[in-house]
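Shown next, in structure tokens, is the structure this report addresses.
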Amino acid sequence: MSETAPACRNPDCEVATTGKCALSHELLDSCEEYGAAEADLDFGDDDEPEDHVETAALTRLRSSDLLRPEQIWPLQKVVPIRTVALVGDFRAGKTTLISALYASFLKGPLAGYRFRSSRTLTAFARRHHDALLLSKRKSPVTLRTSRQDGLGFFHLCLRNEAGGDHNLLIGDRSGETYADARSDTSLIGELIELRAADRICFLLDSARMADAEQRHSYKRAFKQQIHAFLDNGALSPSTALEIVTTKLDKLTPQMEGRALIEELDAFEAATLAEFSEVSLTARRVCALPRANYEVGVVGLDDMLRSWLAPREREYPRLIAARAPVRHLDRVFENWNEA
Ligand SMILES: Nc1nc2c(ncn2[C@@H]2O[C@H](COP(=O)(O)OP(=O)(O)OP(=O)(O)O)[C@@H](O)[C@H]2O)c(=O)[nH]1
Ligand SMILES: [Mg+2]
């Protein structure tokens, strides 16, 4: 393209050299004749070979889908991350609980934490979609996690009131896989989230506790799952263990002539007593109260607070040498004071 003033389509017009329009337009742009002939314009070369593209200038977009185990190790090396694994039978409410955390951050802060970023936004949005009117479903649902999906992690980076950032990974996989590992303990080694997690939540499904036909076998299977992991050395002593009872809205005050919540109280107490040699705690949540909307969303704030709370001692306490000869060995005293 010419470096002088743009040409005019009128061959008699000398605007390119004199700057004056032959049709006396003061504003050149208002002259229909004015403007470079198409041939003079540089539209770029569509056929430019790909190897001419400056790849360094391109921005790589993340898929923002679930993180696979091999993707979390590099992340864990760079920033401190809390990792939580949700263990529970099919339809226990694992994915819905994760989705409810995301839904809560869509509305605002939770438990004093504000949403800062996520590496898995698309994964969150996909799971949440089926709980929205937008999905055109008659009632909110969560699609089942398939065995073929394998293990995936959701990521949240949350900022506390003091401005500190906390990264959280929550592992999710299909309930069938956990049920399989309970009956065939040789499969437990494949559940790598058990080793990766700082906290393992065993999800106890209130819907199955409320069902008189299933209740007894379900309670037995629930405890068997914890036993299977402990007996096979799958849980590290430093991993926090927690029973998370889901779907509280299913435990309506009166059922079968008595308060079903008492059934839950008794089972929780018995389970905590049975596993008293490990540090097991219990909490209750309701992530999607569609059986009784009056119950509301319950317990997510306390749960998140405890997931992110500083651990009592994340590193082993170093024991200082007694009256060390070398000054260097006194460094341990200083570390423990810090
Ligand atoms: N009433 C009620 N239903 C719930 C609640 N949480 C989850 N559900 C429903 O329970 C069903 C199963 O929930 P999911 O979150 O898919 O359960 P899951 O443990 O991920 O199940 P799998 O993916 O099969 O392992 C879904 O239809 C949810 O809508 C709750 O708090 N109350
Ligand atoms: Mg699921």
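Under the rule of at least 5 residues apart or a separate chain, name every residue whose amide H is placed under 5 Å from the amide H of Ala240.
Long-range HN contacts for Ala240: Arg199, Ile200.
Within region 201-238, list the residues whose amide N lies under 12 Å from a label point set 7 Å along Cα→Cβ of Arg311.
236-238
Would you mind calculating the gained length between Ser217 and Arg147 on full extension (0.36 nm times residue separation, minus the Cα-Cα distance), in nm to one decimal?
Gain on stretching Ser217 to Arg147: 22.9 nm.
For Thr245, list long-range residues whose amide hydrogen, built 1.01 Å from N in the peptide plane, is under 5 Å from its own amide hydrogen.
Here the answer is Leu204, Arg283, Arg284, Val285, since their amide H atoms fall under 5 Å of that of Thr245.
What percent of all Cα-Cα pairs in region 178-255 falls into each 5 Å bin, going from 0 up to the bin containing the maximum distance?
Histogram of Cα-Cα distances, whole percents per bin: 3, 14, 23, 23, 16, 11, 7, 3, 0.
Within the set of other residues whose C-beta is less than 15 Å from the C-beta of Ser186, count the net charge using Lys and Arg as +1 and Asp and Glu as -1.
On the way: positive: Arg182; negative: Asp180, Asp184, Glu190, Asp231.
Residues near Ser186 contribute -3 overall.
Cα-based Rg (one decimal) and Dmax (whole number) for region 55-128, in Å?
Just the Cα atoms of region 55-128 yield Rg and Dmax of 14.7, 47 Å.
Under 5 Å between amide hydrogens, which residues at least 5 positions from Thr120 or on another chain qualify, with H placed 1.01 Å from N in the peptide plane?
His155
Using the Karplus equation 6.51 cos²θ - 1.76 cosθ + 1.60 (θ = phi - 60°), what ³J(HN,Hα) coupling, rounded to whole Hz, does each residue of region 221-235 give in order, writing x for Gly and Pro?
5, 4, 5, 4, 4, 5, 4, 4, 5, 5, 5, 9, x, 7, 10
What list of ³J(HN,Hα) couplings, whole Hz, do you get for region 287-292 from phi and the Karplus terms 6.51, -1.76, 1.60, once you set θ to phi - 60° and write x for glycine and proline?
After applying 6.51 cos²θ - 1.76 cosθ + 1.60, I find 9, 8, x, 6, 7, 7 Hz.
Two decimals, Cα atoms only, Kirkwood Rh: what is Rg/Rh over region 69-308?
For region 69-308, the value is 0.94.
Can you work out the Karplus-derived ³J(HN,Hα) for every residue in region 96-103? Use 6.51 cos²θ - 1.76 cosθ + 1.60 with θ = phi - 60°, whole Hz, and x for glycine or proline.
Taking θ as phi minus 60°, the curve returns 5, 5, 5, 4, 5, 5, 4, 4 Hz for region 96-103.
Give me D for region 159-206 in µm² s⁻¹, whole number, from Stokes-Einstein with Rh from the Kirkwood sum over alpha-carbon pairs, 4 °C and 1.567 mPa s.
Values: Rh = 13.1 Å.
Stokes-Einstein gives a translational diffusion coefficient of 99 µm²/s.
Read-outs throughout are calculated quantities, based only on the coordinates presented, and are distinct from any laboratory measurement. Here the structure is a predicted model, which means the values were calculated and not measured. Counting neighbours? That spans all protein chains shown, and the Cβs are built from the backbone with ideal geometry, glycine included.
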